[in-house]
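Step one of this worksheet: look at the structure below.
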Amino acid sequence: MKKITIGILAHVDSGKTTLSEAILYQTGLLRTLGRVDHGNAFMDSHEIEQDRGITIFSNQAVFAMQQTEVTLLDTPGHVDFSAEMERTLQVLDYAILVISGTDGVQSHTETLWQLLIRYGIPVFLFVNKMDISHKSQEELMQELKDKLDTCCIDFRKENREKAEELAMCNETLMEQFLSDGTISEHSLCEAIQNRQVFPVFFGSALKSSGIEELLDGLHQFTLQPSYGTEFGAKVFKITQDAQGERLTHLKITGGSLQVKEMVSGKNKSEKVNQIRLYSGAKYELLSEATAGTVCSVTGLTFPLPGEGLGAEPDSDASALEPILNYRVELPQGTDAHTALSKFRLLEEEDPQLHILWQEALQEIHFRIMGEVQLEVLKRVILQRFGMEVGFSYSSIAYKETLKEAVIGVGHYEPLRHYAEVHLLLEPLKTGSGLVFGTKCSEDELERNWQRLILTHLQEKEHIGVLTGSPITDMKITLVAGRAHRKHTVGGDFRQATYRALRQGLRCGESVLLEPVVQFKLEVPSDCIGRAISDVQQMGGQFEPPETRGETALLSGTVPAVSIRGYQQELIGYTKGRGRISYLFSGYEPCHNTEQVMDQMGYIPDSDVENTADSVFCSHGAGFTVKWNEVSDYQHLDSGIRLESEEVKVQKAVGYVNRLASDEELMKIFEMTYGPVKKPTLQTFQTKKERPSEWKPAKQKPQPSGKEYLLIDGYNIIHAWEELRKQAEKNMDLARETLIHRICNYQGFHQCEAIVVFDAYRVEGGLRSVEKVCNIHVVYTKEAETADMYIEKTTHELGKKHRVRVATSDHLEQLIIIGNGAVRIPADAFLAEVEETERQIREFLL
């Protein structure tokens, strides 16, 4: 019998749980249909789910249809519980994505689609609520093709018509169709499994319409994955049963698992006491679970969601991450440490719930996905631990990293104690997390001490020195250390290690990172200007807008702190026609570091629990040495010499000079990289002496007098690929780069350049004009766009002077021409700038 695991996913209120009930009823597992709004749904058995009428926890049911055994996993649809849904994706063979026929593809639907792409899960689509939909099936199909994938295929169509569409999805299907006009079932199953075809079915779960066709499709067009013979399992969930026993929910991905068998993972081995096969709230005990089975086991205490057992590797880091930080308000008289130990059980069950202890403030902080999750946590804590807690918003979850490599030294030597540790801290690319290693010789420091130091580095969440936020994206390497044969004990290296890490952070240049989300903003075309301005004011970056009929689509990235609450503002100015979807993208350098640091008010010198100072011993007594003086007292030399960027440049210049003085080396260099040109005055060309191959665009006759060049700053930044990529990371850097390139251009062509940046949504803002690199840089005032300023200035200057305007705004171009100015499209202007830079380089060489 074929055995597959299918998950049901949807935007909240799309009818996902109702579809689950209809499937279970159709397959005979249920005698009567449950209702979410009646609180008697088979899959939503938890009291909180029944009260709120939404799915909060992933639940499973097992049923058979024809010759297929299906494990059905119902997942939460609300965005606040997306972490629970994402963990379930790790064990799915196929997914059913439910689309509301009344609303179409909604914001969270697109987020789910991106997650399904990330995990490579084949998808069947079920368009629900067709009994009350005002949209036709053809309209909905077109929306699926436009917003999800062009290979979404309507499986209601006749074979010939369906085969024609399927043939466009991959080469194998095309060859079969061209050969005999048909497509084999096996080839179609493989195409679906490889995410090249996405079958679409229509119906109404509440009326049990279209359910039979969906089930037939699942049976006919799915393939069982191939499994190995060696035992492996993927853990995707941790819960407790009614008796408080820990349940480890997993899927067997290879071999089989028997009761009382030893299971290994993360250098630990434990015995399985029970194997439970859950279906709703009930379960049956198994003596053995074979590959493909989703079950729950007791007896295991170490695995966490996402970890692999046996031959199964651990999962990659989650795509979703909690970014909201809330302070826990405990009931009067409750001991914080006791509460913290209980809350750790919740963190174990949900790794995306981060629980932090602020030692200096004696406070517990929860890092969560959203506010609805808070309400559920209150109920869970009250039911599980009998505590009625409250929450108050604290901040966005920031992180910190380093800009350049640095050595940190920690020394701990009060009387009859001794340890010294040297750590090399190196920045890694964004999203790398923390990586630990050692390059210390065992002749210098014994292996057991080195292992202890690495353990201390990994045993806690270390914080940075800017805001006290957790550090990330670093490689921390032990490069030197020393112990004393008589006086060193284990705790000494903990102190020295913590101080070494902290001292390195104080000595280096830290970078504050903020969470960034990738967004898609859909608004009526007449609102796109407002949307672009909003994103700019949020500190976001975006691609050029796309137009789809009467709507415009804007996509890009924006700091998470800026977009909080924007949904309501969007609904207001679009009169309910706009919508936004976003997915956590990662961490990037903060756009307002100074402001955040002022708000957080963190003072590293006052944080005695995370001190960077060291303790040395003199005349039988210990004394403290400030972090910036440790290098004068340290007992070891780390043996590492770090070079600044300035030193690296000096070395490079020295290398070029040595090449010039050595004819043989110069020949080798020129054979590899080409001849080195000597600077001559003849290589300089004035504006009138442009090379013959340079062909400027034809222009209309212009008035005499000084030439003015007006540049729509943000328009050019988002049109030039290099600047657009810079803007995605740092808009200030992109602006600075544009200004410097225009500076060279202006100096070469002897024109008057004015760069205009749009700032019309800066509340109370006045127009400001700065002179940077001899260029006039204009920031427009409140309620004034860059287009408006350029149009007005063009009209005035065009009467007496030659005026050129660089922009790709088509409407603006028409007005420019009407004012007698000459417009330069962004790509043509880029060509002019690059040609100018080439001629300047020739002169310098």
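Here are the numbers for the structure shown:
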| item | result |
| --- | --- |
| Conditions (1) closer than 19 Å to K2 by Cβ; (2) at pLDDT 90 or above: number failed by S279 | (2) |
| Which numbered condition N194 fails, given (1) loosely packed, with under 15 Cβ neighbours inside 10 Å; (2) over 19 Å from I96 (Cβ atoms) | (2) |
| Hits in the stretch 356-370 - residues which are crowded, with 18+ Cβ neighbours inside 10 Å and under 13 Å from V328 (Cβ atoms) | L356, I364, H365, F366, R367, I368 |
| Count of residues meeting criterion [among the hydrophobic types (A, V, I, L, M, F, W, C), in contact with a Leu (Cβ under 9 Å, 6 or more places away or on another chain) and open to solvent by 10 Å² or more (accessible area, probe 1.4 Å)] in the stretch 444-462 | 1 |
| Residue in the stretch 392-401 that is closer than 27 Å to V625 by Cβ, in a strand (DSSP E or B) and in contact with a strand residue (DSSP E or B) (Cβ under 6 Å, 6 or more places away or on another chain) present | yes |
| Tally of residues being over 19 Å from L89 (Cα atoms) and among the charged types (D, E, K, R) across the stretch 10-30 | 2 |
| Test for G292: is it open to solvent by less than 20 Å² (accessible area, probe 1.4 Å), within 29 Å of the chain's Cα centre (by Cα) and on the phi > 0 side of the Ramachandran plot | no |
| Lone unmet requirement of (1) under 25 Å from the mean Cα position of the chain (by Cα); (2) buried (at least 17 other Cβ atoms within 10 Å of the Cβ); (3) closer than 27 Å to D74 by Cβ for A317 | (2) |
| Residue in the stretch 778-798 that is more than 29 Å from E569 (Cα to Cα), in contact with an Asp or Glu (Cβ under 9 Å, 6 or more places away or on another chain), part of a strand (DSSP E or B) and at pLDDT 80 or above present | no |
| Residues of the stretch 467-494 satisfying the condition of being open to solvent by less than 30 Å² (accessible area, probe 1.4 Å) and among the hydrophobic types (A, V, I, L, M, F, W, C) | I471, M474, I476, L478, V479, A480, F493 |
| Contacts under 7 angstrom Cβ, first residue in the stretch 246-267 being open to solvent by 60 Å² or more (accessible area, probe 1.4 Å) and among the charged types (D, E, K, R), partner at pLDDT below 95 and assigned to a strand (DSSP E or B), 6 or more apart | K260/K271 |
| The stretch 589-612 residues that are at positive phi, paired with ones that are open to solvent by less than 40 Å² (accessible area, probe 1.4 Å) (beta carbon under 9 Å, 6 or more apart) | G601/T467 |
| Residue match in the stretch 173-189 (condition: touching a Ser or Thr at 6+ places or on another chain (Cβ under 6 Å), among the hydroxyl-bearing types (S, T, Y), open to solvent by 30 Å² or more (accessible area, probe 1.4 Å) and part of a helix (DSSP H, G or I)) | no |
| Residues of the stretch 418-452 that turn out to be part of a helix (DSSP H, G or I), touching a residue at least 40 places away in the same chain (Cβ under 8 Å) and not aliphatic (A, V, I, L, M), as a count | 1 |
| Matching residues in the stretch 371-411 - criterion: being surrounded by 14 or more Cβ atoms within 10 Å (Cβ to Cβ) and of a type in the set (F, W, Y) | F385, F391, Y398 |
| Matching residues, the stretch 502-529, being part of a helix (DSSP H, G or I) and either crowded, with 23+ Cβ neighbours inside 10 Å or within 26 Å of the chain's Cα centre (by Cα) (or both) | R502, Q503, G504, L505, I528 |
| Sole exception among (1) hydrophobic (A, V, I, L, M, F, W, C); (2) open to solvent by 30 Å² or more (accessible area, probe 1.4 Å); (3) at pLDDT 65 or above; (4) under 18 Å from I368 (Cβ atoms) for A64, by number | (4) |
| Residue that is surrounded by the most Cβ atoms within 10 Å (Cβ to Cβ), among those in the stretch 161-172 that are aliphatic (A, V, I, L, M) and touching a helix residue (DSSP H, G or I) at 6+ places or on another chain (Cβ under 6 Å) | L166 |
| Hits in the stretch 572-623 - residues which are surrounded by fewer than 16 Cβ atoms within 10 Å (Cβ to Cβ), within 30 Å of I528 (Cβ to Cβ) and more than 25 Å from the chain's Cα centre (by Cα) | G572, Y573, K575, G576, R577 |
| Hits in the stretch 322-342 - residues which are touching a strand residue (DSSP E or B) at 6+ places or on another chain (Cβ under 7 Å), part of a loop (DSSP other than H, G, I, E, B) and open to solvent by 40 Å² or more (accessible area, probe 1.4 Å) | none |
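The values are calculated or read from the model by the stated rules, or taken from the named source; none is laboratory data. Quantities reported herein were computed from a predicted structural model and do not represent experimental measurements. Cβ sites come from the backbone with ideal geometry, for glycine too, and all protein chains shown count toward neighbours. Keep in mind that these areas ignore ligands, DNA and RNA; they rest on the heavy atoms of the full protein, side chains included. Shrake-Rupley method; radii C 1.70, N 1.55, O 1.52, S 1.80 Å.
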